[in-house]
Amino acid sequence: MARRPKTIITCAITGAIHTPTMSDALPYTADDIAGQAIAAAEAGAAILHLHARKPENGAVTIDPDDFAPFLPRIKQATGAVINISTGGSLRNTIEERIAPARRFSPEMCSLNMGSMNFSFHPLAKRYDSWKFDWEKDYVENSDTYIFRNTFRDIETVARTLGEHRIKFEHECYDVGHLYNLRFCMDAGMFKAPIFIQFIFGILGGIGPEVDNLVFMKRTADRLFGDDYRWSVLGAGGAQMPLAATAGQMGGNVRVGLEDSLFLSRGKLAGSNAEQVAKVRRIVEDLGCEIATPDEAREMLDLKGGDRVEF
Ligand code: KMH
Ligand code: ZN
């Protein structure tokens, strides 16, 4: 039997959905983002997907100056691949959203493959009081957001960041996004192997059922053949169950407090590293080996940690 490829664990450390009220573990100071990212890498994450937060109140920020205090610290302490989000806060232009990646030229960046509703407003009902002023409005008003990722936006990201030889984490929240990606590949925007993050359970995207994962994978097989690697992100309670399914199917997995604040049903995770350790156990129990950062670099054809600008 052919050897199974190793499993790449991505950990998304803080994101732009959850707020400090929702969990004391959600990192938002540079010290905490760096510390949790380093611990996640030590626990087995080969790729660290990073957003920034304002250190005084945890608000989402895409100011490159807010990434500057933690990127070099993470690089110096780990060999992990650093992936900078271009998702922003759902309120920014694409030029603003790619500013951190342009400045720091990481090995990887996220690239969202379609425009959509992207809402987490139901979370607001769970809290009577909030730690910081901005949180309630931010969460409640997410039912008015359109997450804009037009073909022109995608082309801008591909052209601007492609010059930096950045590899993209193509975030696909529904089957149509796979077809958008095929169209962009045919237009010459991306080079194989591409890396697709199948995303399930975001309100506005496809639901977190195993049937949907099988369908996304089958569709991607048809559209991309051997030209792609894939990973699974299940939002909220779907995180670990879908990671286990992806592990069984030979895929890669993404965890982290950006995607779920929980370790298991009703139990908040104490840190990102706890989630990484758990998914690592699951993957290893299934008979798979996890990939080191250098193995992930080879599998995804990355430019190398010595070619970043931080
Ligand atoms: N929070 C994830 C569902 C991005 O950073 O570009 C999507 C995400 C977007 O990771
Ligand atoms: Zn993100």
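The numbers here are math on the coordinates, done by the rules we state, and not lab data. Given the structure is predicted, the values throughout are model-derived calculations rather than measurements. Virtual Cβ from ideal backbone geometry, glycine too; neighbours counted across all protein chains shown.
Fully extended, how many nm does the chain gain between Ala77 and Thr156 (0.36 nm per residue separation, minus their Cα-Cα distance)?
Length gained between Ala77 and Thr156: 25.2 nm.
Can you give the % of DSSP beta bridges in the chain that are antiparallel, to the nearest 5? Kindly include the intermediate steps, with their values, before the conclusion.
Values: 7 of 39 bridges.
Close to 20 percent.
Among rounded, prolate and oblate, which fits the chain when a ≥ b ≥ c are the square roots of the eigenvalues of its C-alpha gyration tensor, a/c under 1.5 means rounded, and a/b larger than b/c means prolate?
rounded
Determine the relative contact order of the chain: mean sequence separation of Cα pairs under 8 Å and six or more apart, normalised by residue count, in whole percent.
Dividing the mean separation by the residue count of the chain yields 25 percent.
Relative contact order for region 222-310: what percent, with Cα pairs under 8 Å and sequence separation of 6 or more?
Result for region 222-310 is 21 percent.
Points 7 angstrom from Cα along the Cβ direction at Asp31 and Met249: gap in nanometres?
So the two model labels end up 4.2 nm from each other.
Under 8 Å for C-alpha pairs, at least 6 residues apart: give me the relative contact order for region 1-89, rounded to a whole percent. Don't skip to the answer; put the middle values down first.
Working: 129 pairs, mean separation 28.8, N = 89.
Relative CO of region 1-89 lands at 32 percent.
Please state the shape class of region 114-165: rounded when a/c is under 1.5, otherwise prolate if a/b exceeds b/c and oblate if not, all from the C-alpha gyration tensor.
Prolate, since a/c reaches 1.5 and a/b exceeds b/c.
Near the amide H of Ile290, under 5 Å away, which other amide H atoms are found, from residues 5 or more places off or on another chain, if H is placed in the peptide plane?
Thr7
For the pair Leu268/Ser129, report the inter-label distance in nm, with labels modelled 7 Å from Cα in the Cβ direction.
Roughly 1.5 nm, to one decimal.
Of Thr144, Thr219, Thr14, how do they rank once you tally other Cβ atoms within 10 Å and put the fewest first?
On the way: Thr144 10, Thr219 17, Thr14 25.
Lowest to highest Cβ neighbour count: Thr144, Thr219, Thr14.
List the GluC sites (Glu not before Pro) in region 269-310 that DSSP assigns to loop (not H, G, I, E or B) and whose Cβ has at most 14 other Cβ atoms within 10 Å. Which are they?
When the GluC sites (Glu not before Pro) of region 269-310 are filtered for loop state and at most 14 Cβ neighbours within 10 Å, Glu289, Glu309 remain.
Need the full-extension length gain, Glu56 to Asp285, defined as separation in residues times 0.36 nm minus the C-alpha distance. One decimal, nm. Before the final figure, lay out the partial values.
On the way: separation 229, 0.36 × 229 = 82.44 nm, distance 4.08 nm.
Here the segment from Glu56 to Asp285 would lengthen by 78.4 nm.
For Val175, project a label point 7 Å along Cα to C-beta. Then give me every residue of region 221-253 with its amide nitrogen under 13 Å of that point.
What the label zone holds, given the 13 Å backbone N cut-off, is 221-223.
What's the extension gain from Ile146 to Arg222 if we count 0.36 nm per residue and subtract their Cα-Cα distance?
24.4 nm
How would you order 146-152, 164-170, 71-77 from highest to lowest mean count of nearby Cβ atoms within 10 Å?
My ranking of the peptides, most packed first, is 164-170, 71-77, 146-152.
For a footprinting-style exposure proxy, rank Glu171, Glu209 by other Cβ within 10 Å, fewest first. If you can, show how the numbers build up before the last one.
Working: Glu171 26, Glu209 13.
Listing Glu171, Glu209 from fewest to most nearby Cβ atoms yields Glu209, Glu171.
How would you rank Asp31, Asp133, going from fewest to most other Cβ atoms within 10 Å of each one's own Cβ?
Listing Asp31, Asp133 from fewest to most nearby Cβ atoms yields Asp133, Asp31.
For the pair Asn117 and Asp301, what calculated FRET efficiency results from E = 1/(1 + (r/R0)^6), where r is the Cβ-Cβ distance and R0 = 51 Å, to the nearest 0.05? Walk me through the intermediate numbers first.
Working: r = 34 Å, r/R0 = 0.66.
Between Asp301 and Asn117 the formula returns 0.95.
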